[in-house]
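Computed from the coordinates by the stated procedures, all read-outs in this text should not be read as laboratory data. Quantities reported herein were computed from a predicted structural model and do not represent experimental measurements. Cβ placement follows ideal geometry from the backbone for every residue including glycine, while neighbour counts extend to all protein chains displayed.
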Amino acid sequence: MNTPIFLVGARGCGKTTVGQTLAQALGYTFVDTDHWLLETTQKTVAEVVASEGWEGFRLRESEALHAVTQPAAVIATGGGMVLAERNRQYMREKGKVIWLAADAAVLAARLEAQPEEGQRPTLTGRPIAEEMRQILAEREALYRHAAHHIINAMQQPAAVTTQIRQALSLAHAS
C-alpha cells in the first residue's frame with residue numbers, strides 16, 4: 001500500500017507528532033499542510049489570517065492539500081481542513097483519512113502546554129478550553145464524515161501509531 005494517509009482532527013490532537021512517527025514506521029514521507037503554507041508564503045497561519053482573513057487562509061489551505069498529496073505520504077492537515085466539502089471528498093478519494101479524536105479538555109491542556117501562537121491562532125477569542133468545546137461541537141460530524149478510521153488520540157503517540165497501522169492493515173486485508 002502506498003496510498004496517501006491524511007490525518008484530520010482538531011488543533012492539539014497530535015497530527016504532526018503522530019504523523020512523523022507513522023511516516024517513519026511506514027517508510028513514507030511526512031508533510032504538514034500548515035508547515036507547507038509557512039514555507040511557501042513565508043507567513044505563519046496567524047499572519048495569513050491577519051492579511052487575508054479566514055476565507056483567504058481556507059483557500060490557501062485547500063491549495064496546500066492538493067500540492068502535498070502524493071503516494072506514500074502521511075499528510076497532517078490543518079484542524080479546519082474538513083470545513084470544505086471539496087477537501088473532505090478529495091481526501092476520501094485520494095487516500096485514507098484518519099481522524100485523531102480527542103476530548104476538548106485534553107486538546108485544551110495540550111494547547112496550553114505548547115501554545116505555538118503563530119501556528120495556532122484563536123478562532124473565537126475565548127479561553128482555549130471553551131474554544132475547543134465549541135470547535136469540536138461544530139466539526140465532529142465533519143471529521144466523522146471525512147474519516148475512513150477513527151483513532152483515540154488521547155494516548156501516547158506510539159500507541160496511536162500502532163492503532164493506525166492496525167486499522168490500515170485490517171482495511172487493506174479486506
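Annotations
- Checking [x] 128; [y] 103; [z] 94 against the coordinates, the calculated volume of the Cα convex hull per residue in Å³ falls under label [y].
- Residues in the stretch 1-45 reached by a label modelled at E138 [backbone nitrogen below 18 Å; 7 Å Cα→Cβ]: 9-13, 45
- For the stretch 12-97, with +1 on Lys and Arg beta carbons and -1 on Asp and Glu, the positive-most of T17, S62, Y28 along the dipole: Y28
- The chain: relative contact order as a whole-number percent, Cα under 8 Å and 6+ apart: 33 percent
- FRET E, pair A167, Q42, Förster distance 30 Å, beta-carbon r, rounded to 0.05: 0.25
- Between the Cα long axis of helix 85-94 and the first principal axis of the chain there is an angle of about 20°, rounded to the nearest 10.
- Label sites at T16 and T29, each approximated as a point 7 angstrom past Cα along Cα to Cβ, lie 1.9 nm apart.
- Where only DSSP H runs of four or more residues are counted, the chain gives -19000 deg cm²/dmol as its mean residue ellipticity at 222 nm, each run worth -39500 (n - 2.57).
- Segment A84-H148, length gained on full extension (0.36 nm per residue, minus Cα span): 21.3 nm
- Straight-line reach from K43: taking Cα to Cα under 27 Å and skipping same-chain neighbours fewer than 8 places apart, the lysines in range are K15.
- Rounded to 10°, Cα long-axis angle of helix 45-68 versus longest principal axis of the chain: 20 degrees
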